[in-house]
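Peer 1: Structure incoming, see below.
Each value in this text was obtained by applying a stated rule to the coordinates, not by laboratory testing. A quick note: this is a predicted structure, and the numbers were derived from the prediction, not measured. Counting neighbours? That spans all protein chains shown, and the Cβs are built from the backbone with ideal geometry, glycine included.
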Amino acid sequence: MIELAYSDAFFLYLLGWLILLGLLAWREHLRSRNHHRKIFRSNVFHCSKCNHTFVSDSRVNLHRCPNCNAICIRHRRRDSI
């Protein structure tokens, strides 16, 4: 049988939890990054005049704000993640 001191067992227990939490944090980071990509590929517009955010039905770059009727431009993401 393998002899294991209480301090070594406690260290292995904490190490296991830290590895598990690290893997879960890494998985969440990947999921949020993929979700962030989907958001910027969507049809979300933000009016700079009245600060109204809305979604367009069609895939266009220009759309009129339903709140103030100003022309809104769909902004694209500048960095390539």
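Peer 1: Show me the ranking of peptides 1-14, 55-68 by mean Cβ neighbours inside 10 Å, starting with the highest.
Peer 2: 55-68, 1-14
Peer 1: Please compute the length gained on full extension between ASN69 and TYR6, using 0.36 nm multiplied by the number of residues separating them and subtracting their Cα-Cα distance.
Peer 2: 15.7 nm
Peer 1: By how many nm would the segment from HIS52 to ARG33 grow when fully extended, if each residue of separation counts as 0.36 nm and the alpha-carbon distance is taken off?
Peer 2: Result for the pair: 4.4 nm of gain on full extension.
Peer 1: With θ taken as phi - 60° and the coefficients 6.51, -1.76 and 1.60, list the Karplus ³J(HN,Hα) couplings across the range 47-57 in order, rounded to whole Hz; mark glycine and proline as x.
Peer 2: Couplings: 7, 7, 7, 10, 6, 8, 10, 8, 10, 8, 7 Hz.
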